[in-house]
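Q: Supplied in structure tokens, the structure appears directly below.
The values are calculated or read from the model by the stated rules, or taken from the named source; none is laboratory data. Computed from a predicted model, the values in this text were never measured in an experiment. Note that we place each Cβ from the backbone using ideal geometry, even for glycine, and neighbour counts take in every protein chain shown. Each accessible area value is taken on the protein alone, full model and side chains, heavy atoms only, with ligands, DNA and RNA left out. Shrake-Rupley method; radii C 1.70, N 1.55, O 1.52, S 1.80 Å.
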Amino acid sequence: MMAMKVVDFSFLSIAGKLEKMLEEEAALLAGVEDDVCDIVAELRSVTSFLTAMSTRRNLDDQLQNWVQEVREVAYDAEDSIDEFVCRLRLRSTPYDENGVKAFFKHFLRDIKSLKARHDMASRLKKLKVQVEKVRKRHDRYSHPNEATSSGTATSLEMAGRYSDPRIIGHFVEEAQLVGINQRRDKIIGWVMDENRLELTVISIVGLGGLGKTTLAKTVYDNSIIIAGSHFQPRAWIVVSQNYSIRELLKKIILQISVDEQQIRDVLGCPDASLNTEQLLNMMEESQLVQTVRGHLHGKRYMLIFDDVWRTDTWESLSIALPPGREGSRVIVTTRIEEVANTSCSRNHQFIFKISPLSCQLSWELFCRRVFEAPDYNCPPELENVGREILQKCDGLPLAIVTIGGVLASRSDKKLEEWKDLRDHLRLEIQTNDILSKIHRILLLSYNDLPYHLKPCCLFLGIFPEDFEIHRKRLIRRWIAEGIVSGIDGFPAEKVAERCFNQLVGRSLVQPSQFDDSGTVKSCRVHDMMLDVILSISKKENFAVLLNEHPTIPPQHQKIRRLSWRRGSSGVLVPANDLSHLRSFTAFGEDVPPPKDYRKQRQLRAIDLEGCEALFDLHPKSFSKLFLLKYLSLRNTGLSELPDSIGDLQNLEFLDMRGTRIKELPNTMVKLQKLVYLLAGPQGFKFLKGIGKLKRLVAFGMAYADKMQSLQEIGELVDLQKLAITFGEHDLSLRMLEEIRALLSKLNGTLRSLTIFPPVNVSLKNALDEVASPPLLLCKLQIGCRLGQLPPWFASLKHVVKISLVGTLLQLEDLQVLRNLPALVNLKLGFKSFVNNDEDLVFDRGGFAQLKFLQIKCQHVSFRVGAVRSLEILEIFFPPESVNGIEHLHGLREIYILTFNEHISEMVKDIAANHSNRPKCFVNQL
């Protein structure tokens, strides 16, 4: 069934493409229309059969083999169709030349088109024969009535069942609320024991899914430990299986806020132009250890090493921890008892073996996951079968939450559906093999997905363990590879967002960050769920992982997706054919990925984000990739793009953020399908002709130094996100006029605007006099002199986030900001206000939705009743004082960076006595 879900999705996609070709590209299919119609009919028939069979819980070997054969036919068919359409469209591009030269070019083009049609006709006939053979082979061996319906909900029905917001992100929260207090208090007692002055290592050990990390987190974040900065510094380090000691040590250094000068001293590097990251990358492992030990020496510190798998990992990390007698504590979470014994070798009394939840607590957690607040009552008719389902979870929080998520998504709560779920858990062995039970339960969660979510879920397997997956990156990759597409006029982006939310709602991914509007910004896949995904992916040849221990399919299988991990060799699976590769994803900055992709002509996505060791590409690297839609070079070492970038005629997404690329090749203007062109933080030199890229939705950071540049941006009628910068000197009157005109032209589409000219440049006149301002803005960043907010700022009813730097505003401008009804995130950077000698006064009322406030280099005062919704306050380098923090009753977190010891102690004292007990992070320089 797992394979069938992927296959029927593929067939629906292919049939849809062929039908679209019949409707829109009839001229391209001249002579093969009948074959296309026959194939579409056959594909629809096979798809219907597969969908009906998807309710089957088990497939015999014959069916498994048949499904695999069908899947490969589906992939090959889609490759042929996409390549054919792309080839013909490229041949049909008109030429500008005249005369004899143009005649011969057109003649050659027509001949090549005829050849492409002939090739496609031959491929379609072969495909038709293949599909018919596959169908007949199954008919010979199948049994009558084997595909019967069992009342499974349709994908459309399932899609509408995830609107309940309480389903999203409940796993950690619920686990904290149920059955954890006693465990937490025991470990806190060990941590805060004042009679133990020596460094004490506490190990939390138990099977995956029992809540080790959650328990450690409740200890780490507990107000008793945070209050008064009892431990300083503190750090939380995720280790996992595929660790690098160097990277772990670098993470520790960054989290414990080691002074950059101290790092320079250890490294012996006086070069002031290098930042902290660059300095750490230059260090040997021994120097990193020396830096950690030097900073922690003589301090009472608290470190958490989460998910340690091997004893040698602990031994390598422990070298960096000075013992001392300050009462420092280290907590290690692990699944391996040997690791627990080794880390606590001096005193085994501090090994905490976590156990499953009791029956009572399991039921409480189950009800909280399935039923609605505030009572979480289970209807009497469901209780018996609910408890029977719960028995199979065996007290494992992850299993309970996962199964509960499946049941919660079924809003009608039918007894028969619950019985069906109970009957098909099929835990065959009633032993202590809990891991097997978790795997089966999580596999059930996967199997319960609608067919369109199957490949979305399997795609998560290309990311490494404990990797923070950004939502936008994920959904754009889905779209690029055709895993998600638009439906009946509903944009692909919206469909992908819905798919992502459904995965979150089913607890298949866990939210890790939220944006200013409360939307999940990034997520992680629980390691046990990832094990399930990888096992399915390997079985179905969905993706291949290449690392120290590569997962490589048999040589006769075609590799469609390749994930290149840290430690990969420099050779790309030489024994396997990579000509069918659809996506290539690389992780890890140490090993450079390949530079030339001309032989992988089926690629739809190349994702090299974070590959810092990639410094150049082959000049013709992209010359054959006509199908490529997604190219991410973010945070690589590249300083230029090859001219062959212009051959990517289907490219929709190009990300160059965090690179050294400052100039784009002129061939870029040929990318007529480009939707996202992203760079920064520095701007790239403006490309003449950018106005031709009419589909651009996001553009920048771009260096606009001419009026023509601004005029061309104004031609991008669909632009929603714009980031631009200017020259070092004041802008001419004509440039200011063009800025006004540009914002008026884009007033109906623009949702995000970033303007960062040098701080000595004034845009006051330009912004003040915009005839039709972009009042639909949701995000706004300005880094230049204004003197006063433009009048139209008061009408920004939709703006959620504002960042101001060097604006030199008047204090009364704060009253404009306070009345913006949707403002959630406000950053007031260096010289955002002209008068640093007076307090920015936040008084009662206003800022109705503000949750995050950052203020730099400014006096600030909060009055009684001010900013009632504020949750996170960051104050950097306050000149003298910070007044009234105690009046911010909703505060959850305080971050202070200051040279002033008096301010540090005052803020710590306020936080310790605050009614809401906020977390307090004070860094005194």
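Q: Residues ILE441, ILE462, ILE487, ILE429: which one is of a type in the set (Val, Ile, Thr), in contact with a helix residue (DSSP H, G or I) (Cβ under 9 Å, 6 or more places away or on another chain) and at pLDDT 90 or above?
A: ILE462
Q: Right, next: Give me a count of the residues in segment 192-213 that are in a helix (DSSP H, G or I) and buried (at least 23 other Cβ atoms within 10 Å of the Cβ).
A: 1
Q: Just to be sure I understand the filter: pairs with C-beta atoms under 6 Å, separated by 6 or more residues or on different chains, first member in segment 477-499 and open to solvent by 60 Å² or more (accessible area, probe 1.4 Å), second member of a type outside the set (Val, Ile, Thr) and at pLDDT 90 or above. Which pairs pass?
A: What qualifies is SER485/ALA492.
Q: Which pairs turn up if I take residues in segment 283-309 that are more than 24 Å from PHE921 (Cα to Cα) and open to solvent by 10 Å² or more (accessible area, probe 1.4 Å) and look for partners that are in a strand (DSSP E or B) and of a type in the set (S, T, N, Q) with beta carbon separation below 9 Å, at least 6 apart in sequence or on another chain?
A: The qualifying pairs are ASP307/THR333; ASP307/THR334; TRP309/THR334.
Q: Now for a separate question. Quick check on my filter: what residues within segment 643-661 are of a type outside the set (Val, Ile, Thr) and farther than 19 Å from LEU693 by Cα?
A: ARG657, GLY658, ARG660 - these are the residues of segment 643-661 that are of a type outside the set (Val, Ile, Thr) and farther than 19 Å from LEU693 by Cα.
Q: Scan (1) modelled with pLDDT of 90 or more; (2) part of a helix (DSSP H, G or I) for the single condition VAL330 breaks and write down its number.
A: Of (1) modelled with pLDDT of 90 or more; (2) part of a helix (DSSP H, G or I), only one is false for VAL330: (2).
Q: Quick one: would you say LEU631 is in a loop (DSSP other than H, G, I, E, B), open to solvent by less than 20 Å² (accessible area, probe 1.4 Å) and of a type in the set (A, V, I, L, M, F, W, C)?
A: Answer is no for this residue.
Q: Where residues in segment 651-673 are out of contact with any strand residue (DSSP E or B) (no Cβ under 8 Å at 6 or more places or on another chain) and assigned to a loop (DSSP other than H, G, I, E, B), which of them is nearest to ALA723 (Cα to Cα)?
A: That would be GLY658.
Q: Of the conditions (1) under 30 Å from ASN819 (Cβ atoms); (2) without any contact (Cβ under 8 Å) to a residue 40 or more places away in the chain; (3) surrounded by fewer than 21 Cβ atoms within 10 Å (Cβ to Cβ); (4) of a type in the set (Gly, Ala, Ser), ALA766 clears all except one; give me its number.
A: For ALA766, the failing item is (3).
Q: Select from segment 221-262 the residues that are part of a helix (DSSP H, G or I) and modelled with pLDDT under 90 and list them in ascending order.
A: To start, the set of residues in segment 221-262 that are part of a helix (DSSP H, G or I) comprises 223-229, 245-255, 260-262.
Within segment 221-262, SER223, ILE224, ILE225, ILE226, ALA227, GLY228, SER229, GLU260, GLN261, GLN262 qualify.
Q: With the structure loaded, tell me whether ARG329 is crowded, with 17+ Cβ neighbours inside 10 Å, among the charged types (D, E, K, R) and within 32 Å of the chain's Cα centre (by Cα) or whether it fails that test.
A: no
Q: Which ones in segment 809-831 are open to solvent by 50 Å² or more (accessible area, probe 1.4 Å) and part of a loop (DSSP other than H, G, I, E, B)?
A: GLN810, GLU812, ASN819, PRO821, PHE830, LYS831 - these are the residues of segment 809-831 that are open to solvent by 50 Å² or more (accessible area, probe 1.4 Å) and part of a loop (DSSP other than H, G, I, E, B).
Q: On the basis of being closer than 18 Å to SER362 by Cα and at pLDDT below 70, does ILE403 make the cut?
A: no
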